[in-house]
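Right, one structure below, let's go through it.
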């Protein structure tokens, strides 16, 4: 393991990798700071460019955006009470009151330290937990993988159980998109509607780029111009003395980071739950509970540590099982597969250096984001002043040209625009769009595992219930479906009484 | 407007029902849309998963269909009070024209034109912005895609007309 980590270290410190992770982090912080964009838009816009690079460099670039986005999101949440990314809403609970009291520096110090601690601790957990999980998963056969995929899908659907029907529909629609084209197993045509272009199928790249890149920017075009004259920062860089002051909350930092990592590990839960849960636990265990919500650095630190631990947490099921935890890691899965790398338990054995490079790159990304924000705090904060509509128009052009460039097919750009319309409608109606992406990504995995399991069982799924691990996962899946409804029913009953 | 009221808008039910109708029609036409001429048994074949997924969409759409047919007393077509998406639709139209423009007038001219018109439309039209940004972005795209990544772009159709 140490040898692989050393090899990964040398690969991560190569000039191309360092350049990719620094530029990715920079883009990530910028899109994270800009409300309405977020790391997903940054990742999908950079996706077409990443194909020009080797896999480790491409992944470092996108991981930089992924992690950097969460760093940036806290800044407008603290200074303007406008979260750059949805999970930073929790940071604003205490960050904005501190800013109003003229203590923006201490709020930003707490948020940055939280982000840094969350990022580093979660990567360390990833380094030690991934091999253990991969070791367990190495004994998995098709029934176990099928059960894991069902478990992941059910978790995603249940995460939005307030919109259960819509979630199921979008998941099904995602599955449908994954079946278009030539079936890989039987080489049969499916849903090509007599056109040649459809035979290549619908790539994950134009779908994601359309849904998030174009869809989100169409929303941005309609948004009012944000009032940014309130931004007040006494210094252009972060005040180090304040950073030392918030170090006294180190226990909260470690606890929130661990919570964030484990929430990120579960498919469909996402960073919002991570920051809410970390904040809530910090509040319950704090000596100064009454200060929460009125402006305490501990609140900012807990929320940011929680949400920044999610990227590394989400990498655990992605690398070991090939199951993405959220839409962002689904895009990373797309990058892996496009480069001929298939995440799963064997990945850690087959590509140990690549995996170690990713670990080290993630550590570097956290260090880079932390240093960049300390040094260039005010310039970064001023990015909020860039008009959203201007950015939206520019991003649309880059998205369309970028998507054409991947396969030099105008058809892909057309798909991206069509998905943009769908994405716009779904985002505006607040439907759980993540289910659609998960459906597209997991569709092929689900179908292959289902057919393999049925082949093993001579056309029967009974084999899933005959093997202990798959049976355990199916029981767990049933519990995930039943328990929330039982709890909801009890709550409703109590209310009536 | 509360989230609950927003969520109960009939627009949601209409979209859900349309997806349900789409799934039902695909479910019926599936055997014709999927080539099942191979030797594999049904459970190994290409039809089993599409049947499951369309069944899933149809099942998910049933509540929407029910609500659309039997709306509650307070149901309305009001969505979110954010207007009629005119700006987005115009920009979307421009984007489609831009895609066609890539073939007709080429990357550079169509990018520059799209940016100038779109920026003017979204009122980001100060002389500095409208002159500098389209030019800068066009140059960046040209250098990244045509020079650095060496991406092939179709010969503009208009060039053919002039050459003739």
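The values are calculated or read from the model by the stated rules, or taken from the named source; none is laboratory data. Just so we're clear, the structure is a prediction, and the values are computed from it rather than from any experiment. With ideal geometry, Cβ positions are generated from the backbone for all residues, glycine too; neighbour counts draw on all protein chains shown.
Of all positions in the range A:255-277, none carries a residue that is within 14 Å of another protein chain (Cβ to nearest Cβ) and modelled with pLDDT of 80 or more. Annotation: of all residues in the range B:72-81 being touching a residue at least 60 places away in the same chain (Cβ under 8 Å) and at negative phi, the one that is farthest from the other protein chains (Cβ to nearest Cβ) is B:74.
Does residue B:118 qualify as being closer than 30 Å to residue A:411 by Cα, assigned to a helix (DSSP H, G or I), modelled with pLDDT under 95 and more than 7 Å from chain A (Cβ to nearest Cβ)? Judged against the criteria, residue B:118 is not a match.
Inspect all residues belonging to the range B:19-31 and state whether any of them is at the interface with chain A (Cβ under 7 Å from one of its Cβ atoms), on the phi < 0 side of the Ramachandran plot and touching a residue at least 40 places away in the same chain (Cβ under 8 Å). Checked against the condition, which is being at the interface with chain A (Cβ under 7 Å from one of its Cβ atoms), on the phi < 0 side of the Ramachandran plot and touching a residue at least 40 places away in the same chain (Cβ under 8 Å), the range B:19-31 yields at least one hit. Residues of the range B:106-141 that are surrounded by fewer than 17 Cβ atoms within 10 Å (Cβ to Cβ) and under 26 Å from residue A:50 (Cβ atoms): B:108, B:136, B:139, B:140.
Screening A:120, A:106 for residues that are assigned to a helix (DSSP H, G or I) and over 22 Å from the mean Cα position of the chain (by Cα) leaves exactly one candidate, A:106.
Looking at this structure, is residue A:402 in contact (Cβ under 8 Å) with a residue 40 or more places away in the chain, more than 24 Å from residue A:80 (Cα to Cα) and either surrounded by 24 or more Cβ atoms within 10 Å (Cβ to Cβ) or within 9 Å of another protein chain (Cβ to nearest Cβ) (or both)? Judged against the criteria, residue A:402 is a match. On the basis of being farther than 28 Å from residue A:46 by Cβ and touching a residue at least 60 places away in the same chain (Cβ under 8 Å), does residue B:126 make the cut? Taking the combined requirement at face value, the residue does not satisfy it.
Checked against (1) within 11 Å of another protein chain (Cβ to nearest Cβ); (2) modelled with pLDDT of 85 or more, residue B:124 passes all but condition (2). When B:151, B:97 are screened for being within 10 Å of chain A (Cβ to nearest Cβ) and under 25 Å from the mean Cα position of the chain (by Cα), only B:151 passes.
Among the numbered conditions (1) modelled with pLDDT of 80 or more; (2) outside any helix (DSSP H, G or I); (3) more than 19 Å from the chain's Cα centre (by Cα), the only one that residue A:345 does not meet is (1).
Yes or no, residue by residue, for (1) touching a strand residue (DSSP E or B) at 6+ places or on another chain (Cβ under 6 Å); (2) more than 14 Å from every other protein chain (Cβ to nearest Cβ); (3) over 21 Å from residue A:96 (Cβ atoms); (4) at pLDDT 85 or above:
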position	(1), (2), (3), (4)
A:198	no, no, yes, yes
A:203	no, yes, yes, no
A:206	no, no, yes, yes
A:213	no, no, yes, no
A:218	no, no, yes, yes
A:225	no, no, no, no
A:228	no, yes, no, no
A:233	no, yes, no, no
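Given the criteria modelled with pLDDT under 90 and not assigned by TED's automatic domain parsing to the domain that holds residue B:139, does residue B:63 qualify? No, not satisfied.
Of the residues B:113, B:86, B:68, which single one is farther than 21 Å from residue A:390 by Cα and either touching a residue at least 12 places away in the same chain (Cβ under 8 Å) or within 20 Å of the chain's Cα centre (by Cα) (or both)? Only one candidate passes the filter, namely B:68. If you go through the range A:134-149 and keep only what is assigned to a helix (DSSP H, G or I), modelled with pLDDT of 80 or more and over 20 Å from the mean Cα position of the chain (by Cα), you end up with A:134, A:135, A:136, A:142, A:143, A:144, A:145, A:146, A:147.
If the condition is being more than 7 Å from every other protein chain (Cβ to nearest Cβ), assigned to a loop (DSSP other than H, G, I, E, B) and closer than 15 Å to residue A:447 by Cα, then the range B:42-71 contributes only B:47. Among the residues of the range A:363-399, those that are in a helix (DSSP H, G or I) and facing chain B (nearest Cβ under 10 Å) comprise A:388, A:389, A:390, A:391, A:392, A:393, A:394, A:396, A:397, A:398, A:399.
Looking only at the range A:455-463, decide whether some residue is buried (at least 24 other Cβ atoms within 10 Å of the Cβ), more than 7 Å from every other protein chain (Cβ to nearest Cβ) and touching a helix residue (DSSP H, G or I) at 6+ places or on another chain (Cβ under 7 Å). Among the residues of the range A:455-463, not one is buried (at least 24 other Cβ atoms within 10 Å of the Cβ), more than 7 Å from every other protein chain (Cβ to nearest Cβ) and touching a helix residue (DSSP H, G or I) at 6+ places or on another chain (Cβ under 7 Å), which makes the answer no.
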